[in-house]
1. Determine whether Ile174 is touching a residue at least 24 places away in the same chain (Cβ under 8 Å) and away from ligand 1 (no atom under 11 Å from the Cβ).
2. Collect the residues in region 373-403 that are free of Cβ contacts under 8 Å to residues at least 24 places away in the same chain and not in a loop (DSSP other than H, G, I, E, B), keeping them in residue-number order.
3. Of all residues in region 132-175 being within 16 Å of ligand 2 (Cβ to nearest atom) and within 23 Å of Ser116 (Cβ to Cβ), which is modelled with the lowest pLDDT?
4. On the basis of being assigned to a helix (DSSP H, G or I) and more than 11 Å from ligand 1 (Cβ to nearest atom), does Ile108 make the cut?
5. Could we say that Ile233 is touching a helix residue (DSSP H, G or I) at 6+ places or on another chain (Cβ under 6 Å) and in contact (Cβ under 8 Å) with a residue 60 or more places away in the chain here?
6. Confirm whether Asp227 is over 13 Å from Gly94 (Cβ atoms), modelled with pLDDT of 95 or more, within 19 Å of the chain's Cα centre (by Cα) and away from ligand 1 (no atom under 11 Å from the Cβ).
7. Give, as residue ranges, the strands (runs of 3 or more DSSP E) completely inside region 127-246 that count at least 1 residues that are basic (Lys, Arg) and crowded, with 22+ Cβ neighbours inside 10 Å.
8. Looking at (1) under 14 Å from Ile379 (Cα atoms); (2) surrounded by 13 or more Cβ atoms within 10 Å (Cβ to Cβ), which is the only condition Ile317 fails?
Amino acid sequence: MKQKRKDNKKGNDNLHKKILNNEFEKNKAETKNTSEKIEGIMKATEKIEATKQETEILNMKKLQGFSYSFAIQKAAKLIQEGEVIVFPTETVYGLGANAYDPNAVRKIYLIKNRPSDNPLIVHVSSIDMAKTMVTEFNEDAEKLAKRFWPGPLTLILPKSAIVPDITTGGLDTIAIRMPDNKIALDIIKIASLPIAAPSANLSGKPSITNGKDAYEELNSVVPLIFDGGQCRIGIESTVLNLTSNPITILREGAVTRKQIEDVLRKKIEICKECDIALSPGMKYKHYSPKATVYLAKPRDSRMKTIIAVLEKTEKLIENEKKTMVVLSEEIPDRMKKQIEETISPLGKLVVFKSIRQMAHEIFKLFREADRKRYESIVIEGLFEDGIGSAVMDRIKRASDETI
Ligand code: TXA
Ligand code: MG
């Protein structure tokens, strides 16, 4: 029933070292004389101690009735006490803390090594809770929340003064969404607090979409991880700026531009490149596995795109690179066999059943590539339509070269 792992005595040493190094680097740049330096090092050590702890991982799928409620109460209490926990949502896993507690939110930035000007998304369990954090919840917000919440749509609205600046990276707007996941909603409801939660990955790494990956990345830096299995959607929410004119999508997700336009009955924009200035999080490299990622832009026929993928793969294999080949949709079995025979043993072929399945598993695949030390990943690009557009956005951000 309970999966408390005992192997974290060794701890997440690499992560602790990274946090510590990072503090030292900051310290080196900021301080001048020796006593200030020593003081800085003491502070860094205190910080690292503050994030070191034994992690309990609970398999929420196996808990029912009383034991489920008990687990939720435990998480809610940790949130109320200013701790940071990991929980599933329908999009990706979140690393969450009380959105009203600046010290708790600071820990999120520290653990993720996230730049402090990159604002967090605040998760709520009701529209009323969202309204307490904004100065205006206008008619558009009302319509969108009624249609898409709980769900993968984040709304940027004018922030109320009661929300600490650190939660919104110093901006006067706030990003809010209601997740469509029972575990996440239950924690927020029982804690009676909005939860600020970025994706649970360390900055720059692919998002986390299952409990096992969460544990691997964050054991011994958070007290509790809820394993709720693989996330239903697998890529992060659509981020929509309601404070701009026209209303603009800053990050694409499972809720598409067309769906939003249908509800608002007006044209909105997708900000493909200018998101860098508007959504501060976008200026940092995202979603990238360690392997070199080659993205084959879609040609006018799928066969041509696949040929481009295979030609690149052949070259990589010739150069003895361990390579993962990723195709977005089914191909005939005969062709699959032929490719597998040609690229094995150095190459591995992954064929998704549909673009939706690709969204669901792409981050998991990137993490698997890291774990199995693939040196290259060659991916078939998608036409930017519906959820394909959001998946393509993530792949582009992960890619090193377009072919
Ligand atoms: O699906 C999701 O959205 C997941 C789950 C955990 O809810 N969360 C997530 O958070 O992806 P994060 O922190 O990885 O991405 C939040 C994005 C960042 O690009 C950030 O810059 C942007 O939203 N953002 C947050 N507040 C903003 C604001 N006030 N104005 C503009 N962009 C904002
Ligand atoms: Mg993220």
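1. no
2. Once the filter is applied, which keeps residues that are free of Cβ contacts under 8 Å to residues at least 24 places away in the same chain and not in a loop (DSSP other than H, G, I, E, B), region 373-403 yields only Met392.
3. Going through the qualifying residues, I end up with Gly169.
4. Spelling it out, it is not the case that Ile108 is assigned to a helix (DSSP H, G or I) and more than 11 Å from ligand 1 (Cβ to nearest atom).
5. Criteria not met by Ile233.
6. Considered against the rule, which asks whether it is over 13 Å from Gly94 (Cβ atoms), modelled with pLDDT of 95 or more, within 19 Å of the chain's Cα centre (by Cα) and away from ligand 1 (no atom under 11 Å from the Cβ), Asp227 comes out as yes.
7. Passing ranges, in order: 173-177.
8. (1)
The values are calculated or read from the model by the stated rules, or taken from the named source; none is laboratory data. Since the model is a prediction, treat every value here as computed from it, not as a measurement. In this analysis, Cβ positions are derived from the backbone assuming ideal geometry, glycine residues included, and neighbour counts consider all displayed protein chains.
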